[in-house]
Amino acid sequence: GVNGGGGTSFVPVFEHIEREGIEPHCLIYFTDMWGTFPKQKPPYAVIWGATTNTAAPWGDIVRVEL
């Protein structure tokens, strides 16, 4: 199974994309939503595959049942 516990920083993934010059159409991030979000929304679509009912500061949320 998949276990979440929180405390994840989502920031490094977005920093890596920017640093490497990657220009995605969309990023899909599977998470329990408990973590640190980047301060600014990126210039591409973000879909949060969320295993909890926690909100995101931006992007679209798709609820994922475990």
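The values are calculated or read from the model by the stated rules, or taken from the named source; none is laboratory data. Here the structure is a predicted model, which is why all the values come from computation and not from measurement. Note: ideal-geometry Cβ built from the backbone for every residue, glycine included; neighbour counts use all protein chains shown. Protein only, heavy atoms only, side chains kept; ligands, DNA and RNA dropped before computing areas. Shrake-Rupley method; radii C 1.70, N 1.55, O 1.52, S 1.80 Å.
Just for strands (runs of 3 or more DSSP E) wholly inside the chain: which have at least 3 residues that are open to solvent by 70 Å² or more (accessible area, probe 1.4 Å)?
Of the strands (runs of 3 or more DSSP E) lying wholly inside the chain, those with at least 3 residues that are open to solvent by 70 Å² or more (accessible area, probe 1.4 Å) span 60-63.
Is there any pair linking a residue in segment 7-25 that is among the hydrophobic types (A, V, I, L, M, F, W, C) to one that is in a helix (DSSP H, G or I) and surrounded by 10 or more Cβ atoms within 10 Å (Cβ to Cβ), with Cβ under 9 Å and at least six apart or on different chains, and which?
The qualifying pairs are 22/16.
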